[in-house]
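Read through the structure below, which is laid out as structure tokens, and then see the notes.
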Amino acid sequence: MGYMGCGKSALGPLISSQTSLPFIDLDKYIEKREKSSISDIFNNYGEIYFRKKERFYLEQVFLKQSPFVISLGGGTPCYFDNIDYLNLKDDAVSIFLKTSPKELALRLYKDKDHRPMISHLQSKQELEEYVAKHVFERLPFYKKAKKTIDTDNKSIKTIVEEIHLILT
């Protein structure tokens with residue numbers, strides 16, 4: 001778990017292949033089940049509708065699949081009691097991929113046009129301020145993860161190794 005751009009979607013498949021566990025990207029799982037993109041769900045039905053669906057599908061994944069690697073949406077831990085729900089699972093290990101707003105802004109800026117939440121932001125500084133505000137708001141939820149990995153200035157390989165150590 002972590003804010004968009006922290007590496008969840010890039011790391012998930014790598015952890016999956018290293019552990020031979022299936023990988024689930026929760027946002028893609030929702031899009032497939034709803035037959036609609038996340039941004040279309042937000043635009044057509046609103047955030048509350050999406051967050052309810054997100055919780056429903058999170059529970060469905062845990063009911064149907066075990067064990068597995070899951071990449072949560074950036075906001076998933078912050079709504080309802082999702083982070084507590086995850087942490088109450090005895091066999092679940094929640095990992096917060098802690099990334100500074102400055103690093104997130106650098107990673108996200110080149111891809112911002114494909115991310116509806118940030119596509120309207122014009123400069124790197126504006127993006128960094130936006131990200132810093134959101135990370136600050138979400139940090140109390142992210143900090144509830146069982147483990148934290150700082151991702152700044154680390155290669156994907158190094159982060160995968162750190163996650164692997166946590167899981168073994």
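Details
- The mean sequence distance of close C-alpha pairs (under 8 Å, at least 6 residues apart), as a share of the length of the chain, puts its relative contact order at 31 percent.
- Computed on segment 6-48, the Cα convex hull volume stands at 87 Å³ per residue.
- Cα gyration tensor category, rounded, prolate or oblate, for segment 113-162 with a/c compared to 1.5: oblate
- Only alpha carbons enter this Debye calculation for the chain, each as an equal point scatterer, and the log10 of I(q)/I(0) it gives at q = 0.12 Å⁻¹ is -0.53.
- Between Asp150 and Lys102, the distance separating the two model label sites (each 7 Å from Cα on the Cα→Cβ line) works out to 1.3 nm.
- Separation of alpha-carbon centers, segment 12-29 and segment 62-133, rounded to whole Å: 16 Å
Any read-out appearing in this document is the output of simple, stated calculations on the displayed coordinates, not a laboratory observation. Please read all numbers here as calculations on a predicted model, not as lab measurements. Counting neighbours? That spans all protein chains shown, and the Cβs are built from the backbone with ideal geometry, glycine included.
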